[in-house]
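Colleague: The structure that follows is given in the form of structure tokens.
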Amino acid sequence: MGTNYYVAKNKCECCKRFDKEYHIGKSSFGWAFSFQGYRWNKLISWRNWKEFLKTEHIVDEYGEEMDYEAFCWMIETYKAPGFVRENGSKNLVHNEQGRKDGYDWDDENGYSFCSRDFS
């Protein structure tokens, strides 16, 4: 089970609905964060996403907002590709087959990116 994160626009404070402008990616237990890549908008690395998100509203698939600093901390610590949990297991990376097919790539820090829609 995992949680998807989005850039939200037009969020209603009453019902918590929002327009999904961008799918940022997905956080799943035991896996490094998997990013949605947008080549046309140059959102092709964690560095680019991090800069872009500074002025955006980050929400999870349940409509809960996440603070920019908390989101960055999550990505750069326990959701990082090289993170090792207390039991010694290392985060897995999602995109092995996609890299072979040319749809997916890793950025300079090892974060996986997918150009196809996923959830």
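The values are calculated or read from the model by the stated rules, or taken from the named source; none is laboratory data. None of the values given here were measured: they were computed from a predicted structure. Heads up, the Cβs are rebuilt from the backbone with ideal geometry, glycines too, and the neighbour counts pull from every protein chain shown. The accessibility values were calculated without ligands, DNA or RNA, using every heavy atom of the protein model including side chains. Shrake-Rupley method; radii C 1.70, N 1.55, O 1.52, S 1.80 Å.
Colleague: Could you tell me whether the stretch 64-79 includes any residue that is among the aliphatic types (A, V, I, L, M) and more than 24 Å from residue 105 (Cα to Cα)?
Modeller: Within the stretch 64-79, one or more residues are among the aliphatic types (A, V, I, L, M) and more than 24 Å from residue 105 (Cα to Cα).
Colleague: Exactly one condition in (1) assigned to a loop (DSSP other than H, G, I, E, B); (2) within 15 Å of the chain's Cα centre (by Cα) is false for residue 7; which is it?
Modeller: Condition (1) is where residue 7 drops out.
Colleague: Look through the stretch 90-103, keep the residues that are within 20 Å of residue 76 (Cα to Cα) and buried (at least 16 other Cβ atoms within 10 Å of the Cβ), and return whichever of them is modelled with the highest pLDDT.
Modeller: So the first thing to find is which residues in the stretch 90-103 are within 20 Å of residue 76 (Cα to Cα), and the list is 90-95.
Checking which are buried (at least 16 other Cβ atoms within 10 Å of the Cβ) leaves us with 91, 93-95.
On the way: 91: 87, 93: 79, 94: 69, 95: 65.
Filtering first and then ranking leaves 91.
Colleague: Of all residues in the stretch 19-55 being part of a loop (DSSP other than H, G, I, E, B) and touching a strand residue (DSSP E or B) at 6+ places or on another chain (Cβ under 8 Å), which is most open to solvent (accessible area, probe 1.4 Å)?
Modeller: We begin by selecting, within the stretch 19-55, every residue part of a loop (DSSP other than H, G, I, E, B); these are 29-30, 32-33, 37, 42, 44-45, 54-55.
Restricting the remaining residues to those that are touching a strand residue (DSSP E or B) at 6+ places or on another chain (Cβ under 8 Å) gives 29-30, 32-33, 37, 44-45.
On the way: 29: 168, 30: 13, 32: 4, 33: 0, 37: 5, 44: 71, 45: 4 Å².
So, considering only residues that are part of a loop (DSSP other than H, G, I, E, B) and touching a strand residue (DSSP E or B) at 6+ places or on another chain (Cβ under 8 Å), the one most open to solvent (accessible area, probe 1.4 Å) is 29.
Colleague: Mind checking which residues of the stretch 52-66 are over 17 Å from residue 33 (Cα atoms) and of a type outside the set (Phe, Trp, Tyr)?
Modeller: Across the stretch 52-66, the qualifying residues are 54, 55, 56, 57, 63, 64, 65.
Colleague: Hey, another quick one. Within the stretch 56-67, can you find the residues that are under 11 Å from residue 4 (Cα atoms) and either under 10 Å from the mean Cα position of the chain (by Cα) or surrounded by 12 or more Cβ atoms within 10 Å (Cβ to Cβ) (or both)?
Modeller: Answer for the stretch 56-67, where residues must be under 11 Å from residue 4 (Cα atoms) and either under 10 Å from the mean Cα position of the chain (by Cα) or surrounded by 12 or more Cβ atoms within 10 Å (Cβ to Cβ) (or both): 58, 59, 60, 61, 63.
Colleague: A further question follows. With the requirement that a residue be touching a residue at least 40 places away in the same chain (Cβ under 8 Å), farther than 24 Å from residue 84 by Cβ and touching a Lys or Arg at 6+ places or on another chain (Cβ under 8 Å), what does the stretch 10-47 give you?
Modeller: 11, 17, 18
Colleague: Moving on to the next point. What number of residues in the stretch 68-89 are at pLDDT 95 or above and either hydrophobic (A, V, I, L, M, F, W, C) or open to solvent by 90 Å² or more (accessible area, probe 1.4 Å) (or both)?
Modeller: Number of matching residues: 7.
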